[in-house]
Structure formats: C-alpha cells, structure tokens
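Report on one structure; see the data block that follows.
The values are calculated or read from the model by the stated rules, or taken from the named source; none is laboratory data. In this text, all values refer to a predicted model and were calculated from it rather than measured experimentally. Cβ sites come from the backbone with ideal geometry, for glycine too, and all protein chains shown count toward neighbours.
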Amino acid sequence: MRIAFLGIGLMGLPMARRLCEAGFEVHVWNRTIAKAQPLTAYGAKLHDQAAQAVSQADVVISMLENGAVTEDVLFGQGVAAGMRKGALLIDMSSSKPREARDHAARLSALGLHHMDCPVSGGTVGAEAGTLVMMAGGSAADVERAQPVLNVFGRFTHVGPHGAGQLTKLANQMIVGGTIGVVAEALLLASRGGADMARVREAILGGFADSRILQLHGDRMTRRDFAPRGRLAVQLKDMRNAVDCAQETGMDAPIVSFFEQLYAQAADHGLGELDHSGLFVELASRNGMQ
C-alpha cells in the first residue's frame with residue numbers, strides 16, 4: 001500500500017516514521033521540507049509539492065494545522081485533482097465538522113473517498129503508537145483504513161462524515177477544561193502552603209485522577225511547558241467547539257469560558273507553550289511565579 005503523508009510537524013513526524021517502520025511505501029510533503037528530512041533515514045520519499053506526493057498513493061493522510069489549511073492543500077494546491085480515482089483521504093487534522101462534511105462531498109464528486117479521523121494522545125501517543133482516533137465516514141472506508149490506523153493506536157468508528165470531528169471537539173472540551181481545573185487546584189494548594197507535587201501525588205488514584213492530572217499535572221509541578229500540544233492549538237479547538245455549539249443552537253457556557261481563558265493566555269504570549277501552560281496564565285493572574 002502506498003501512502004502519502006501531508007504535514008510533518010510534532011505529530012506528523014513520529015506518525016510517518018511509524019508507517020515507514022511498519023513497511024509501507026511512504027511519500028511525504030511538508031511546507032517546510034527540512035522538517036521532513038529526518039524521515040528519509042527510514043525510507044520515506046520527500047516531495048517538494050503536495051500534489052506530487054499523492055499522485056500514486058492509495059491512501060493520503062493529512063495532518064495539517066486546521067480545516068482552512070486542509071482545504072487550501074486539497075483544493076488550492078492540487079492535491080484532490082492529483083489523487084488517483086478511488087484513493088482514500090484520511091484527514092487526521094482537527095477541524096470543524098461542517099468543514100469535514102464539505103470536504104467529503106467535494107472529494108466524492110471527484111471519485112475520491114474521505115474519512116475525518118482526528119486523534120488524541122499528543123506526541124507521547126504518536127511516538128508510542130497509542131493514539132486514540134475518532135473515525136467519521138462510511139463503514140467500508142473505515143475497514144479499508146484499518147491496517148493504516150492500527151499503526152497509530154486504537155480507533156473507533158463514531159458515525160458519518162463530520163462525526164469524527166464532533167468527537168474530537170468533545171475530547172478537546174474535556175481536555176481543555178480539565179487542564180484549567182487541575183492548574184487552578186494545584187495553584188490553590190500552593191497558595192495555601194502545600195507542596196504542589198505532593199498534592200498531585202496524594203490525589204492520584206482517587207476520584208479526581210485523570211490522564212490530565214498524571215501528565216499535565218506533572219508538567220505543571222516541574223514547570224515543564226515545552227510544547228507537546230501547543231496552547232494555540234488548544235485555543236483553536238475550543239473556538240471550534242464554541243462555533244459548533246452556536247451552529248446547533250446549544251448553550252455551552254463552560255467551554256465558552258475556557259475559550260476566553262485560553263485566548264487571554266495566547267494574548268499574553270503563551271500560545272507556543274504546551275497547553276498545560278495555561279498554568280502560567282493562572283499563576284500570573286495571582287502574582288505567583
């Protein structure tokens with residue numbers, strides 16, 4: 001199976017490498033080609049143009065910044081026109097559900113197949129092959145994609161086109177909100193005189209335990225905000241969730257509040273930190289280092 005991988009960033013690099021290691025023929029493209037250069041050591045073939053990378057691919061994977069960038073690469077840079085008839089696009093970027101449905105319809109008109117299949121698990125999951133994937137599309141296309149998706153981790157078919165992005169929004173609402181609550185709780189403990197690291201340790205295993213407390217809570221106590229998942233990307237997802245809620249006529253006050261909080265953190269220059277860097281915004285508000 002020939003695979004084209006578009007978008008070699010923090011997530012795309014380990015994912016494309018895993019495909020190479022699994023024995024697939026992998027063609028890669030990235031806007032900044034130097035970021036994809038390390039993949040040549042694993043047998044990947046680099047291309048200067050996205051349309052060249054997909055020309056002979058059975059499956060095309062996009063791991064791009066957002067839905068607008070995905071649309072530009074697909075329909076502005078000639079990827080859709082350059083794909084082989086019957087080829088499958090697996091869009092693993094995070095975008096809006098309506099964008100996924102629109103892309104699916106436009107690709108179908110060209111004789112192409114589409115799945116929206118965003119991921120959760122960050123760079124840690126991408127490196128280890130333990131990503132969680134939410135697949136939207138036809139059952140036949142999901143079955144066809146199974147050998148590829150299995151390389152990355154665990155996937156669930158959650159419904160038709162757009163359902164994968166809806167599920168990712170639900171995931172990111174929970175992640176973004178939980179990061180904020182964990183950060184505020186640890187800061188409150190510190191303000192009251194407790195040791196944040198010990199407080200986190202004490203809570204682990206109880207009802208308040210979570211992957212966020214385990215991983216992001218640890219980053220907060222160590223002040224390690226090197227980006228695994230950028231705060232700016234978390235903000236984009238929260239904005240997409242607010243937008244989707246408005247489209248459906250749903251009142252979503254909690255995600256709306258956290259969207260504003262992440263926006264303020266980005267305005268204060270924290271957008272390139274890990275999304276656990278919301279801790280820095282909350283600490284600053286309270287005059288805490």
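See the values below:
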read-out: Index of the failed condition, residue 19 passing every other in (1) surrounded by fewer than 24 Cβ atoms within 10 Å (Cβ to Cβ); (2) on the phi < 0 side of the Ramachandran plot; (3) out of contact with any Leu (no Cβ under 9 Å at 6 or more places or on another chain); value: (1)
read-out: Matching entry among 82, 86, 111, 76 (being touching a His at 6+ places or on another chain (Cβ under 8 Å) and more than 19 Å from residue 12 (Cβ to Cβ)); value: 86
read-out: Pairs where the first residue, in the stretch 256-275, is under 14 Å from residue 173 (Cβ atoms) and the second is surrounded by fewer than 22 Cβ atoms within 10 Å (Cβ to Cβ) and of a type in the set (Lys, Arg), C-beta under 7 Å, 6+ apart; value: 259/239; 275/230
read-out: Members of the stretch 31-45 that are within 23 Å of the chain's Cα centre (by Cα) and more than 13 Å from residue 17 (Cβ to Cβ); value: 31, 32, 33, 34
read-out: Residue match in the stretch 201-219 (condition: at pLDDT 95 or above, surrounded by 13 or more Cβ atoms within 10 Å (Cβ to Cβ), under 28 Å from residue 101 (Cβ atoms) and not polar (S, T, N, Q)); value: no
read-out: Verdict on residue 80 being within 27 Å of residue 227 (Cα to Cα) and touching a Leu at 6+ places or on another chain (Cβ under 9 Å); value: no
read-out: Yes/no for residue 41 being over 21 Å from residue 159 (Cα atoms), surrounded by 15 or more Cβ atoms within 10 Å (Cβ to Cβ), small (Gly, Ala, Ser) and not assigned by TED's automatic domain parsing to the domain that holds residue 242; value: no
read-out: Given (1) farther than 15 Å from residue 280 by Cα; (2) among the hydroxyl-bearing types (Ser, Thr, Tyr); (3) in contact with a Lys or Arg (Cβ under 9 Å, 6 or more places away or on another chain), number of the condition residue 262 does not satisfy; value: (1)
read-out: Residue check, residue 239 among the charged types (D, E, K, R), without any contact (Cβ under 8 Å) to a residue 40 or more places away in the chain and loosely packed, with under 13 Cβ neighbours inside 10 Å; value: no
read-out: Residue list for the stretch 126-141, filter: without any contact (Cβ under 8 Å) to a residue 40 or more places away in the chain and surrounded by fewer than 21 Cβ atoms within 10 Å (Cβ to Cβ); value: 128, 130, 132, 138, 139, 140
read-out: Any chance residue 224 is closer than 21 Å to residue 120 by Cα and either at pLDDT below 95 or not aromatic (Phe, Trp, Tyr) (or both); value: yes
read-out: All helices (runs of 4 or more DSSP H) inside the stretch 155-223 with 2 or more residues being within 17 Å of the chain's Cα centre (by Cα) and of a type outside the set (Gly, Ala, Ser); value: 163-191
read-out: Residue 254, sole failed condition from (1) among the hydrophobic types (A, V, I, L, M, F, W, C); (2) assigned to a helix (DSSP H, G or I); (3) within 20 Å of the chain's Cα centre (by Cα); value: (3)
read-out: Residue that is farthest from the chain's Cα centre (by Cα) [pool: residues in the stretch 224-244 that are among the charged types (D, E, K, R) and part of a helix (DSSP H, G or I)]; value: 243
read-out: Search result, residues across the stretch 234-262 that are of a type in the set (A, V, I, L, M), within 24 Å of residue 100 (Cβ to Cβ) and touching a Leu at 6+ places or on another chain (Cβ under 8 Å); value: 241
